[in-house]
Amino acid sequence: MPERTVTVCDACLTATCWQGEFMCQAAIGAGTTDLPLSRLRKLNREHPDRWKVAS
C-alpha cells in the first residue's frame, strides 16, 4: 500500500501555508506538492495535527 501524502506549499513545504492559515513570503506565487507523511515528519516544520491527508 502506498504511503499517504499531504498537500503542502511547494515553497515552504508546510500544509498550513497551503491552507491559508500561516502564509510564507513566497505563498503568492507558490504552487503545491504532495509529500509523504514520512518526509513531513523528518522536516518537522509543523505539528502533525495540521496535516490533512491527500491520499
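Laboratory data are not the source of any read-out in this text; all were calculated from the coordinates shown. Being a predicted model, the structure only gives us computed values, none of them experimental. Heads up, the Cβs are rebuilt from the backbone with ideal geometry, glycines too, and the neighbour counts pull from every protein chain shown.
Results, tabulated for the structure shown:
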item	result
Calculated over the chain: convex hull of Cα atoms, volume per residue (Å³)	68 Å³
R0 of 25 Å, Cβ-Cβ distance ARG39-MET1: FRET efficiency to nearest 0.05	0.90
In the chain, the trypsin sites (Lys or Arg not before Pro) that fall in loop regions by DSSP, at most 15 other Cβ within 10 Å	ARG4, ARG45, LYS52
Relative contact order %, segment 5-50, counting alpha carbon pairs below 8 Å whose residues are six or more apart	41 percent
Top positive-direction residue, dipole computed over the chain with Cβ charges, set ALA15, ALA27, PRO48	PRO48
Restricting the chain to GluC sites (Glu not before Pro) in coil, as DSSP defines it, with at most 15 other Cβ within 10 Å	GLU3, GLU21
